[in-house]
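A.B. asks: Dropping a structure here in structure tokens format, bear with me for questions.
The values are calculated or read from the model by the stated rules, or taken from the named source; none is laboratory data. If you're wondering where the values come from, they're calculated on a predicted model, not measured in any experiment. Don't worry about glycine lacking a Cβ; one is built from the backbone with ideal geometry, like all the others, and counts go over all protein chains shown. Note: areas computed on protein heavy atoms with side chains; ligands, DNA, RNA excluded. Shrake-Rupley method; radii C 1.70, N 1.55, O 1.52, S 1.80 Å.
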Amino acid sequence: MKRINRFLNRLLVTAALVPLLVSNLFLTGPAVSCAEEDRMEQMEQRKSLPIQSNEIANWPQGPAIGAESAILMEMNTHTILYAKNIHERNYPASTTKILTCLLAMENCTMDETITFSRDSIYDVPSDGSRLGGVDTGDTMPMEQALYCVLVQSANEVASAVGEHVAEKLGKEKTVEAFTELMNEKVASLGGTDSNFTNCNGLFDEDHYTSAYDLALIGCEFFSNDLLCKMSSTNSYHFRLKPDDEEDVWIASKNQLYKGKPYEYEYLLGSKTGFVSQSRQTLVSAAEKNGMKLVCVVFMDETPYQFEDTITLFQYGFENFQRVSIKDHETKYNIDTMNFFDTENDLFGDSTPLISIENDTYVILPNTADFSDTVSTLTYEEQDSDTNVIASISYTYSGVPVGGCDLVFYKSSIPAFHFSSSEPGYEITPDPPGEEAETGEMISAPELSTEPPEEEMKVVYIDVRKVILAIAITAAVIVLILFIISIIHNYSFSPRGQSSKRRRNRRRENRAARREARRRARWHNSSRRAPAWFRPGRK
């Protein structure tokens, strides 16, 4: 009887649960489906938002994507190739972690040890992205910690890293102290739209940034080879504690990595982020044919953040080119003059006086030439520690596309003096710190390089023009002397003609007297000769 009663009770409970299960199946499913449809509809609407870079004259037209805001930036020149609401503030989610890791890489060595505090472990939600398995006081090498942050996106590890960096820099070992460093770093990079309040990107209304600021952070982050390696690692394993018998394996959810559905062959590194308030966020870098691009998409939907990123990379690589400044700029470069270019250089060095910084370039549309750019020269403050005298910035259609420095050559050749105390001249270097003896010639590096109190003015001498001027001056002097000689010896006035005739007569008279004396001498000599030698005798 008891068995029958238990069976009937279970049957009644089951009968009561069935309607609930059915209602969840038919009610919750459509609700989720409706929410998904709403997000897809919102994404389609975002494709119609204006793309500011498409409004630039002669600029390649960029693609319509479903992200709320997006940017494509060249890594070294910071040229903006694609811009869509790039200064709109958004919640960066876990893409915050690239700034956390950047500060750690800049201020710490990879063999340093971080220690987990209670706050770093328990101030992050347990249902978020966590490494797990660590307790208060546990330690971890910095390199291993950065892998956990960038591969696993571990929130508690990011907090521990931030606390460690703050403490090392002499601040309090707290997340709040580290966020001060984060905001200072963004400002130093040129960011204006950011305020960071934590190390990991957990949602906070006061924790925000923009696509532009995150791209600036990305340019700095992806310039580091080790950070690129970490942020492109698919999976990673390590021993969490020394006495653990098995390794801990962590894996990334990033679909741009090798072997994933959206694998991108030119990828340098990437970091995902998600909070419900801003949906999917992705910051990535790629390199092709020497051009490095950083892409940021904000408020996108899965998996379109990966599709949109690839679309923007393809747009950049297919429509833009790198153009060398040194190979094309002619207005500001003073080359070595061939006049002094000999096997044994008289001056010891034929390096150009002024040259353009090496490996600099501008980013231009494929349809543009270097001659289409507009350059602006800005003089730098004179500093004895640097040889940069000016900088050149270039724009195309009003868009900054790159720049370079003008470098004034400073000879590093040691000072020499010439001594003639022994047969034959010999050249000997001056000992450092000793003054030259009287009569010795000291080379230019002995002169003081300290800038005067007033603004230093640099005078440049074109030796070819100087030599040409000297030659012209000598020719003019010779011509003047020739004209003076003509004027001195000839005159076209009647009085002058009379003087000329008198001079001619005197010249003829002197010639006649000389001829008469010559004949007289000949006649006398012939009379004194023997008879058999006299002329005319047979």
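A.B. asks: Through the Karplus equation 6.51 cos²θ - 1.76 cosθ + 1.60, θ set to phi - 60°, convert the phi angles of the range 44-49 into ³J(HN,Hα) values in whole Hz; use x for Gly and Pro.
C.D. replies: In residue order, the calculated couplings are 5, 5, 5, 5, 8, 5 Hz.
A.B. asks: Quote to one decimal, in nm, the extra length available between residue 172 and residue 258 on full extension: 0.36 nm per residue of separation minus the C-alpha distance between them.
C.D. replies: 26.9 nm
A.B. asks: Which value, in Å² and to the nearest 10, is the accessible area of residue 248 when all protein chains are kept and the probe is 1.4 Å?
C.D. replies: Rounded to the nearest 10, that gives 40 Å².
A.B. asks: Now a separate question. If a paramagnetic tag sat 7 Å from the Cα of residue 314 along the Cα-Cβ line, which residues of the range 276-300 would have the backbone N under 20 Å from that point?
C.D. replies: Flagged as within label range: 282-298, 300.
A.B. asks: Compute the FRET efficiency between residue 391 and residue 499 as 1/(1 + (r/R0)^6), taking r as their Cβ-Cβ distance and R0 = 60 Å, and round to the nearest 0.05.
C.D. replies: According to the calculation, E is roughly 0.25.
A.B. asks: Just to verify a number: FRET efficiency for residue 475 and residue 327, C-beta to C-beta distance, R0 = 56 Å, to 0.05?
C.D. replies: 0.90
A.B. asks: Running Debye on the range 64-162 with equal point scatterers at the Cα sites and no solvent, what base-10 log of I(q)/I(0) appears at q = 0.10, 0.18, 0.22 Å⁻¹?
C.D. replies: Listed by q, the Debye log ratios stand at -0.37, -0.87, -1.07.
A.B. asks: Can I ask one more? Using 7 Å Cα-to-Cβ label points, what is the residue 374/residue 510 separation (nm, one decimal)?
C.D. replies: Each label point lies 7 Å from its Cα, and together they span 7.8 nm.
A.B. asks: On to the next question. What distance in nm separates the two pseudo spin-label positions at residue 87 and residue 54, each 7 Å out from Cα along the beta-carbon direction?
C.D. replies: Placing both labels 7 Å beyond Cα along the Cβ direction yields 2.1 nm.
A.B. asks: Explain nothing, just compute: Karplus ³J(HN,Hα) = 6.51 cos²θ - 1.76 cosθ + 1.60, θ = phi - 60°, for every residue of the range 280-294 in order, whole Hz, x for Gly and Pro.
C.D. replies: For the range 280-294, the Karplus-derived couplings read 7, 10, 8, 10, 9, 9, 9, 9, 8, 6, x, 9, 10, 10, 10 Hz, x marking Gly and Pro.
A.B. asks: Go through the range 80-90 residue by residue and turn each phi into a ³J(HN,Hα) via Karplus (6.51, -1.76, 1.60, θ = phi - 60°); whole Hz please, and just put x for glycine and proline.
C.D. replies: Computed from phi, the couplings for the range 80-90 are 8, 8, 9, 9, 9, 6, 6, 9, 6, 6, 9 Hz.
A.B. asks: Rounded to the nearest whole Å³, what is the per residue volume of the convex hull around the Cα atoms of the range 126-224?
C.D. replies: Cα convex hull per residue, to the nearest whole number: 118 Å³.
A.B. asks: Compute the accessible area per residue over the range 65-111, keeping the other protein chains in place, probe 1.4 Å, unit Å².
C.D. replies: The answer is 26 Å² per residue.
A.B. asks: Right, here's the next one. Per residue, what volume in Å³ does the Cα convex hull of the range 183-251 take up?
C.D. replies: 139 Å³
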